[in-house]
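The values are calculated or read from the model by the stated rules, or taken from the named source; none is laboratory data. If you're wondering where the values come from, they're calculated on a predicted model, not measured in any experiment. So basically every Cβ, Gly included, is an ideal-geometry build from the backbone, and we count neighbours across all protein chains shown.
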Amino acid sequence: MVKSAPIGVFDSGVGGLTVLDEIQQLLPHESLLYVADGGNIPYGEKTPAFILERSRRVAEFFREQGAKAFVIACNTATVAAVADLRQDYPDWPLVGMEPAVKPAAAATRSGVVGVLATTGTLQSAKFAALLDRFATDVRVITQPCPGLVELIESGDLNSPELRQMLRGYVEPLLSAGCDTIILGCTHYPFLKPLLAQLLPPSIILIDTGAAVARQLMRLLGERDLLATGNPVPVQFWTSGHVGHLRNILPTLWKHPGVVRSFDA
């Protein structure tokens, strides 16, 4: 691997753009590749075996592109695939996602933490292990959010339908006394402006995009793989409709980028 090699970032759709943004802010010299498996979204209702197969296909594609590291910018795909991919590629820097249970448990003042996430993430053994490890002294209220990912994928960040849906998901958390809410899906940080309108100002929102960027920087630094030159514009691929991603990208990503079809 060479320092100028790109970094591959993968999500089921556009949610990983929130992680991509954190990586670009922290590591502005890095060239980035992004694959959205938009033809198979949402992952939250897919089987772990299917998600593992898709994740392996994307990993192979990034290897073909010469990527020096791989970021799974999707909580559901991390649960299903990260352990197997680390066995497949033991020497390849690989960073996954996980709901920020530990920092949320440290941040709560009421002792009640809410989690907004997909069904797949909330039902996973990995999430249960996080609760056992870091949340023994707090009460955790989980809220699956079917439908949110699909609306965000359509470029909808503020419609009446989205507002009503999101209000229905956060109200049980507020009623339970949550003062800290984990955004347990990489799509959900796009909703921070709307959540700021729906939640009391005292509520703390926590996601893990910045922590993933810091872990990536640490792994690349250990291997002397941090880039120092000028990056090329982000290259995007999608297994869904290329025109759709091109249309909504300016809403979700404020930088130039070329979108191609991911034929898989």
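Any residue at all in segment 226-238 that is closer than 18 Å to GLU153 by Cα, surrounded by 19 or more Cβ atoms within 10 Å (Cβ to Cβ) and out of contact with any Gly (no Cβ under 7 Å at 6 or more places or on another chain)? Even if it seems obvious, please write down each step before you answer.
Of the residues in segment 226-238, the ones closer than 18 Å to GLU153 by Cα are 236-238.
Next, only the ones that are surrounded by 19 or more Cβ atoms within 10 Å (Cβ to Cβ) stay: 236-238.
Still in the running and out of contact with any Gly (no Cβ under 7 Å at 6 or more places or on another chain): 237.
The answer is yes, given that some residue of segment 226-238 is closer than 18 Å to GLU153 by Cα, surrounded by 19 or more Cβ atoms within 10 Å (Cβ to Cβ) and out of contact with any Gly (no Cβ under 7 Å at 6 or more places or on another chain).
Going through segment 83-113 one residue at a time, which ones are touching a residue at least 24 places away in the same chain (Cβ under 8 Å) and part of a helix (DSSP H, G or I)?
Result: ASP84, LEU85, ASP88, VAL101, LYS102, PRO103, ALA104, ALA105, ALA107.
So, of the residues in segment 12-56 that are acidic (Asp, Glu) and farther than 18 Å from TYR188 by Cα, which turns out to be surrounded by the fewest Cβ atoms within 10 Å (Cβ to Cβ)?
Within segment 12-56, the subset acidic (Asp, Glu) is 21-22, 30, 37, 45, 53.
Now narrow it down to the ones that are farther than 18 Å from TYR188 by Cα: 30, 53.
Values: GLU30: 26, GLU53: 14.
My answer is GLU53.
Conditions: (1) assigned by TED's automatic domain parsing to the domain that holds GLY111; (2) without any contact (Cβ under 8 Å) to a residue 60 or more places away in the chain. PRO250 meets all but one. Number of the miss?
So the condition that PRO250 fails would be (1).
Condition first: touching a His at 6+ places or on another chain (Cβ under 8 Å), under 21 Å from ALA211 (Cα atoms) and not hydrophobic (A, V, I, L, M, F, W, C). Can you find one or more residues in segment 18-30 that meet it? Please lay out each step first, then the result.
To start, the set of residues in segment 18-30 that are touching a His at 6+ places or on another chain (Cβ under 8 Å) comprises 18, 24.
Restricting the remaining residues to those that are under 21 Å from ALA211 (Cα atoms) gives 18, 24.
With the extra rule that they be not hydrophobic (A, V, I, L, M, F, W, C), the set shrinks to 18, 24.
Checked segment 18-30: at least one residue is touching a His at 6+ places or on another chain (Cβ under 8 Å), under 21 Å from ALA211 (Cα atoms) and not hydrophobic (A, V, I, L, M, F, W, C).
Which of the numbered conditions does THR118 fail, given that it passes all the others? Conditions: (1) of a type in the set (Ser, Thr, Tyr); (2) surrounded by fewer than 17 Cβ atoms within 10 Å (Cβ to Cβ); (3) in contact with a Cys (Cβ under 7 Å, 6 or more places away or on another chain).
(2) is the only condition that THR118 fails.
Got a sec? Which helices (runs of 4 or more DSSP H) wholly within segment 140-210 have at least 3 residues that are without any contact (Cβ under 8 Å) to a residue 12 or more places away in the chain? Break it down into steps so the answer makes sense when it comes.
Numbers: elements: 148-153, 160-175, 192-198.
So the answer is 160-175.
Among the numbered conditions (1) in a helix (DSSP H, G or I); (2) over 18 Å from the mean Cα position of the chain (by Cα), tell me where THR18 comes up short.
(2)
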